[in-house]
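Q: Pasting a structure below so you can have a look.
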Amino acid sequence: MRDAAPQTIYLKDYTPFGYLIDSVELTFKLHPTKTRVLSKIAFRPNPEATDNRFFLHGEDLTLISAKIDGQDVTVRHVDGGLEADGPARAFIWEAEVEISPSTNTALEGLYMSNGMYCTQCEAEGFRKITYYPDRPDVMATFDVRIEGEEPILLSNGNPGAKGEGFAEWSDPWKKPAYLFALVAGDLINHPGSFTTQSGKDVELNIWVRPWDEHKCAFGMQALKDSMKWDEDVYGREYDLDIFNIVAVDDFNMGAMENKGLNIFNSSAVLASPETSTDANFKRIEAIIAHEYFHNWTGNRITCRDWFQLCLKEGLTVYRDQQFTADMRSGDVARIENVLALRARQFPEDQGPLSHPVRPEEFQEINNFYTATVYEKGAEVIGMLKTLVGDDAYANALDLYFERHDGDAATIEDWLKVFEDATGRDLTQFKLWYSQSGTPKVSVSEDWDAESGTFSLTFTQSTAPTPGQDVKDPKVIPIAIGLLSPEGEEIQATEIFEMTEATQTYQAKGLSVRPVPSILRGFSAPVILEQDIDNTRRAFLFAHDTDSFNRWEAGRDLARDALLDMIENDAAPSALYLDSLRKVFADDTLDPAYRAYLQAQPGESDLARTLAAKGVTPDPDKIHAASKAFKQAKADALKDLLRPIYEDNQIDGPFVPDAEGSGKRALANSVLSLITKLDGGTLAQSQFEAADNMTQKLAALSQLVTAGKGTDAITAFYDQWKEDRLVIDKWFSLQVALAGPDDAAKVATALTQHPDFDMKNPNRFRATLGALAGNHAGFHHKSGAGYKVLTDWLIKLDDLNPQTTARMCSAFQTWKNYDPDRQALIKAQLERILAKEGLSRDTSEMITRILG
Ligand code: 0A1
Ligand code: ZN
């Protein structure tokens with residue numbers, strides 16, 4: 001049973017559990033509505049605990065029997081679980097419970113997806129499987145027996161006995177319950193193998209439905225690449241005889257790192273050239289790496305409590321980002337990471353949902369799998385590495401693995417490792433974990449020609465965030481390079497370590513006033529405020545030797561041009577268009593990077609920028625200006641476009657590697673400009689000729705944007721109606737690209753489509769998530785966008801609180817808008833809150849958003 005009134009849990013209240021567990025034996029007798037789970041758990045008192053209450057979590061369980069040392073025991077059902085009189089000595093707890101996987105639509109615990117059984121236990125789902133101390137600091141070895149008629153029966157660890165209707169699994173590594181997994185179904189395996197650095201052969205499998213077998217090869221290669229990379233770069237070897245991945249259609253998140261049995265949302269593992277875009281391939285490679293890397297950063301070393309979530313997630317995201325940078329273009333990877341951070345984490349950190357990388361309180365932990373914990377958590381690790389240097393980082397990581405292998409650790413443990421390995425005091429650095437909000441760093445320049453001294457004076461400040469009115473200065477590594485007026489690098493990148501509220505950096509002995517390039521590679525997750533004019537930006541766009549800052553300069557120019565159009569009805573900036581022409585014509589640049597050079601800030605991004613300046617964003621004006629700006633770029637680059645398009649066509653088979661995907665990205669970005677000039681003629685021929693989804697979908701998007709998509713939309717559906725991942729794209733694209741007046745209508749119409757299934761999180765997000773992402777449509781002045789999303793969130797909350805709560809963040813920027821829109825949104829938020837039986841997940845999110 002769930003708590004009646006939501007309770008807040010605090011980091012400061014942590015106490016260890018009263019018992020340790022030596023071993024867990026579980027038997028599952030599978031049945032769609034009456035699965036029996038038998039548990040036999042060896043407990044003994046925890047010498048480090050002061051509270052010896054024997055409390056086991058449990059939710060939605062029917063207790064059949066409970067025994068201690070073979071004797072029936074009376075239990076007391078309390079909020080969130082049960083209590084019994086636990087002896088002050090070692091004892092064996094045995095329980096039998098009944099659960100109903102087929103009616104479990106929350107997709108937490110043991111549930112069914114298209115006839116197959118699967119589990120999701122992070123964060124607190126194991127308590128829906130049996131009574132257990134469902135907390136990450138309680139670790140145990142698990143022996144599992146599964147009885148069921150499904151041909152494939154899987155759990156964690158290494159396989160044991162197997163026969164008609166049963167299979168046994170044994171996991172020799174102690175683990176918390178959140179890493180438990182079970183899968184049963186009619187599956188086939190795409191096999192592979194890997195020999196570890198010490199010569200151990202590991203059996204690899206990707207388990208899928210028979211019709212998905214042709215979509216496994218890429219994921220298998222990504223898994224092998226990840227295993228090799230973790231050996232080469234972090235010295236981490238795999239530690240079981242087998243590594244299984246299973247693809248599941250109904251899954252709330254991307255994937256899950258269960259020990260030896262990773263479970264994946266099928267969208268995060270299945271791919272083929274005909275059905276998946278380059279972006280899909282890239283995401284799959286990163287998620288496979290992420291889950292695999294968790295084997296060390298998450299599983300071998302786990303978290304003491306859920307407040308420490310960033311310990312495993314920040315580090316594992318950082319590691320997967322390093323992997324992607326090594327496998328593909330590092331320059332492009334950094335731009336993509338920063339774009340994602342600004343699109344997802346900045347709004348969170350600058351609005352009512354702002355929380356520290358290590359939160360100090362929560363009601364529902366599922367609401368804290370956030371961009372702040374993940375992506376800002378990764379940036380914090382990147383800064384730490386920048387500050388201590390690559391070698392010291394490597395030493396500290398070795399010490400971390402050596403010291404904490406088998407532990408449930410904390411951020412204090414993590415930082416202590418760095419302090420011990422480097423001799424640095426990280427007290428101030430730790431503020432990055434405890435203080436929320438995005439710091440602003442402003443900079444002013446001074447040039448003393450006589451002494452040849454160039455000074456940059458930095459000032460940092462962080463606006464108050466919920467629960468934190470006062471902020472202290474943080475340690476901010478600022479990467480600085482200096483260019484000559486001709487664009488030559490006169491000083492290579494240096495790290496200036498800012499620790500004070502105001503601090504000055506100086507370069508001496510210069511013969512000319514340099515042009516600084518500041519925060520190179522986005523060396524800290526801050527907002528840099530530079531009082532420079534657009535001529536300077538155009539110079540950096542043309543010459544900066546740091547690829548990130550070069551791109552950033554172009555983006556700042558484009559953003560200012562757009563803001564001028566929105567605020568002052570200005571014409572598209574000639575300076576920008578001129579600069580873009582020069583840079584974009586450079587065919588020595590990496591095509592993927594070149595595509596990013598001409599990309600413009602999205603409409604939500606512009607709305608946020610305006611709000612940060614104190615200007616109320618007008619979604620219609622932003623939309624109109626964005627379209628006009630694109631048209632102006634197409635006109636200005638007209639003669640360059642067709643040759644670039646032709647030069648970047650590829651003969652031969654589709655390969656989803658950096659080179660091929662870069663060329664396609666550039667050609668498709670050019671196609672979007674050409675469509676502004678030819679009305680869709682080229683897009684139509686690309687749509688008809690394309691043999692891969694990257695080109696097909698890009699062409700379809702252009703046709704829809706140009707208002708010529710009706711036939712192509714039908715043809716696309718007819719071709720792909722049997723492939724649910726492709727049909728997700730079909731749903732999403734139509735809503736995402738609908739005009740401002742149509743978006744809510746299109747979304748509503750698609751919810752009536754026979755293929756719409758609100759129980760499937762991918763389909764729900766493809767439709768309603770796309771509405772929230774269509775800025776001008778969602779924020780339509782009629783309020784229709786807000787209402788349609790709210791109607792569906794209210795319906796979904798009964799079935800799937802976790803996905804509902806996550807999608808409520810669409811409203812987090814509501815206070816940026818005008819009073820009329822704010823009133824419309826507030827009314828919808830209050831409507832959600834008033835819903836009878838609202839989940840704890842959604843109630844916490846809406847309460848925080850309302851502020
Ligand atoms: N640990 C996983 C993410 C994850 C978190 C929660 C889930 O269900 C509530 C599922 C997956 C990861 O970082 O990949
Ligand atoms: Zn993770």
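The values are calculated or read from the model by the stated rules, or taken from the named source; none is laboratory data. Bear in mind that the values here come from a model prediction, so they are computed numbers and not experimental data. Note that we place each Cβ from the backbone using ideal geometry, even for glycine, and neighbour counts take in every protein chain shown.
Q: Please find, among Asp51, Asp60, the residue that is on the phi > 0 side of the Ramachandran plot and not in a strand (DSSP E or B).
A: Every option except Asp60 fails the conditions.
Q: Taking only pairs six or more apart or across chains, which ones have beta-carbon atoms under 9 Å, a first residue in the stretch 410-428 that is touching a residue at least 24 places away in the same chain (Cβ under 8 Å) and within 23 Å of Met498 (Cβ to Cβ), and a second residue that is among the polar types (S, T, N, Q) and crowded, with 20+ Cβ neighbours inside 10 Å?
A: Here the result reads Ile411/Gln308; Trp414/Gln308, each pair linking the stretch 410-428 to a residue that is among the polar types (S, T, N, Q) and crowded, with 20+ Cβ neighbours inside 10 Å.
Q: Applying the selection to the stretch 218-247, what residues are of a type in the set (A, V, I, L, M, F, W, C) and either in contact with a Phe, Trp or Tyr (Cβ under 7 Å, 6 or more places away or on another chain) or at positive phi (or both)?
A: Within the stretch 218-247, Phe218, Leu223, Met227, Trp229, Ile245, Val246, Ala247 meet the criteria.
Q: Next question. Six or more apart or on different chains, Cβ atoms under 7 Å: show the pairs whose first residue is in the stretch 791-806 and within 10 Å of Thr842 (Cβ to Cβ) and in a helix (DSSP H, G or I) and whose second is among the basic types (Lys, Arg) and at pLDDT 95 or above.
A: Every condition considered, the pairs that remain are Ile794/Lys835; Asp797/Lys835.
Q: Just to be sure, is Leu510 in contact with a strand residue (DSSP E or B) (Cβ under 8 Å, 6 or more places away or on another chain), over 30 Å from Pro473 (Cα atoms), of a type outside the set (Ser, Thr, Tyr) and outside any helix (DSSP H, G or I)?
A: Yes, satisfied.
Q: Given the residues Arg145, Arg135, which is the only one that is away from ligand 2 (no atom under 16 Å from the Cβ), within 30 Å of Ser266 (Cα to Cα) and in a loop (DSSP other than H, G, I, E, B)?
A: When all the criteria are applied, what remains is Arg135.
Residues are listed down the side, and each one gets a yes or a no for (1) farther than 20 Å from Ile381 by Cα; (2) in a helix (DSSP H, G or I):
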{"residue": "Tyr393", "(1), (2)": "no, yes"}
{"residue": "Asp413", "(1), (2)": "no, yes"}
{"residue": "Lys416", "(1), (2)": "no, yes"}
{"residue": "Thr427", "(1), (2)": "no, no"}
{"residue": "Trp432", "(1), (2)": "no, yes"}
{"residue": "Val443", "(1), (2)": "yes, no"}
{"residue": "Ser451", "(1), (2)": "yes, no"}
{"residue": "Ser455", "(1), (2)": "yes, no"}
{"residue": "Ala463", "(1), (2)": "yes, no"}
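Q: It is to be established whether one or more residues within the stretch 173-192 are assigned to a loop (DSSP other than H, G, I, E, B) and more than 27 Å from the chain's Cα centre (by Cα).
A: Looking through the stretch 173-192, at least one residue is assigned to a loop (DSSP other than H, G, I, E, B) and more than 27 Å from the chain's Cα centre (by Cα).
Q: Would you list the helices (runs of 4 or more DSSP H) that sit entirely within the stretch 590-664 and hold 1 or more residues that are over 30 Å from the mean Cα position of the chain (by Cα)?
A: 619-647
Q: Next up: Scan the stretch 80-91 and give yes if some residue there is aromatic (Phe, Trp, Tyr), out of contact with any His (no Cβ under 8 Å at 6 or more places or on another chain), assigned by TED's automatic domain parsing to the domain that holds Trp207 and closer than 30 Å to Thr410 by Cα, otherwise no.
A: Looking through the stretch 80-91, at least one residue is aromatic (Phe, Trp, Tyr), out of contact with any His (no Cβ under 8 Å at 6 or more places or on another chain), assigned by TED's automatic domain parsing to the domain that holds Trp207 and closer than 30 Å to Thr410 by Cα.
Q: Still on this structure: On the given criteria, is Ile335 within 15 Å of ligand 1 (Cβ to nearest atom), at pLDDT 95 or above and either in contact with a Lys or Arg (Cβ under 9 Å, 6 or more places away or on another chain) or outside the structural domain of Thr847 (by TED's automatic domain parsing) (or both)?
A: It is false that Ile335 is within 15 Å of ligand 1 (Cβ to nearest atom), at pLDDT 95 or above and either in contact with a Lys or Arg (Cβ under 9 Å, 6 or more places away or on another chain) or outside the structural domain of Thr847 (by TED's automatic domain parsing) (or both).
Q: Further question: Those residues that are more than 14 Å from ligand 1 (Cβ to nearest atom) and assigned to a strand (DSSP E or B), I need them from the stretch 239-254; list them, please.
A: Answer for the stretch 239-254, where residues must be more than 14 Å from ligand 1 (Cβ to nearest atom) and assigned to a strand (DSSP E or B): Ile242, Phe243, Asn244, Ala247.
Q: Then there is this: Somewhere in the stretch 541-552, is a residue acidic (Asp, Glu), assigned by TED's automatic domain parsing to the domain that holds Gln460 and touching a helix residue (DSSP H, G or I) at 6+ places or on another chain (Cβ under 9 Å)?
A: The answer is no, given that none of the residues of the stretch 541-552 is acidic (Asp, Glu), assigned by TED's automatic domain parsing to the domain that holds Gln460 and touching a helix residue (DSSP H, G or I) at 6+ places or on another chain (Cβ under 9 Å).
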